[in-house]
Amino acid sequence: MMATTHALWGMALALPVFAAAPEYAPVAFAAGLLGGLAPDLDLYTGHRKTLHYPVYASVAAIPAIAFAVLFPSTATVALAVGLAAAALHAGSDVLGGGLELRPWEGNSERAVYSHYHGRWLRPRQLVRYDGAPEDLALAGVAAVPLALVGDVVFATLSLALVAVSAVYVLLRRRLAAFAARLACLLPTAVHPYVPARYLET
């Protein structure tokens, strides 16, 4: 799924905080945004493996949420929402396409790496690939409640993320072709530092 979809769903996890303890809502929205984006910081180094923990992040989020409910504070709420958003990101990646430059071709059996199982989980392709129309629909579903009830800053941000998502969806296939052409133009000495999927023909 798109990074923007993960960010929006991470922010959506803060909506219960907004309803129950609005004084913690700003930090919860920020933590959801950052937690939803954080796993993709491994984009160029072991993508969907280095920072993706579908099982361990989920296990860690449960006590963090319980602790935040029992002892609410800026720190506990931020930790709970951030971990939950990171877990949702890693877990939902298995529902998308495989880890390849053109995931709509369906040639990859690697969706996300499970450190608990010690293997790659295969893509379920309920969302065919990042940037598919259904990916944009999921982003929109998360953005609606954020735009209606969220803090004005995060409501505006959610609408901006949907707009960025829409542009990405329109350009997705062209961007893959452009990235492949660009990677081939790089000096051979740089190739070991470029993810293999960009060098595939």
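A few notes on this one:
- Any chance ASP93 is in contact with a strand residue (DSSP E or B) (Cβ under 6 Å, 6 or more places away or on another chain) and either crowded, with 18+ Cβ neighbours inside 10 Å or assigned to a helix (DSSP H, G or I) (or both): yes
- Residue match in the range 191-200 (condition: basic (Lys, Arg), surrounded by fewer than 18 Cβ atoms within 10 Å (Cβ to Cβ) and out of contact with any helix residue (DSSP H, G or I) (no Cβ under 6 Å at 6 or more places or on another chain)): no
Condition check ((1) farther than 15 Å from THR50 by Cβ; (2) in contact with a Gly (Cβ under 6 Å, 6 or more places away or on another chain); (3) at pLDDT 95 or above) across all residues:
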position: LEU88; (1), (2), (3): yes, no, yes
position: VAL94; (1), (2), (3): yes, no, yes
position: LEU99; (1), (2), (3): no, no, no
position: GLY106; (1), (2), (3): yes, no, no
position: TRP120; (1), (2), (3): no, no, yes
position: PRO123; (1), (2), (3): yes, yes, yes
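- Some residue of the range 130-142 being under 15 Å from the mean Cα position of the chain (by Cα), surrounded by 14 or more Cβ atoms within 10 Å (Cβ to Cβ), on the phi > 0 side of the Ramachandran plot and part of a loop (DSSP other than H, G, I, E, B): yes
- Looking at LEU159, LEU171, just one residue is of a type outside the set (S, T, N, Q) and closer than 17 Å to LEU37 by Cα, and that residue is LEU159.
- Of the set (1) among the hydrophobic types (A, V, I, L, M, F, W, C); (2) in contact with a helix residue (DSSP H, G or I) (Cβ under 9 Å, 6 or more places away or on another chain); (3) over 25 Å from LEU15 (Cα atoms), all apply to TRP120 but (2).
- Residues in the range 98-114 that are in contact with a helix residue (DSSP H, G or I) (Cβ under 6 Å, 6 or more places away or on another chain) and assigned to a loop (DSSP other than H, G, I, E, B): GLU100, LEU101, ARG102, ALA111.
- Taking the criterion of being within 14 Å of VAL153 (Cα to Cα) and either surrounded by fewer than 24 Cβ atoms within 10 Å (Cβ to Cβ) or hydroxyl-bearing (Ser, Thr, Tyr) (or both), the residues of the range 16-32 that qualify are PHE18, ALA25, PRO26, VAL27, ALA30.
The values are calculated or read from the model by the stated rules, or taken from the named source; none is laboratory data. It should be emphasised that the depicted structure is a prediction, and the values quoted were computed from it without experimental measurement. Quick reminder, even Gly has a Cβ in these numbers, built from the backbone with ideal geometry, and neighbours come from all protein chains shown.
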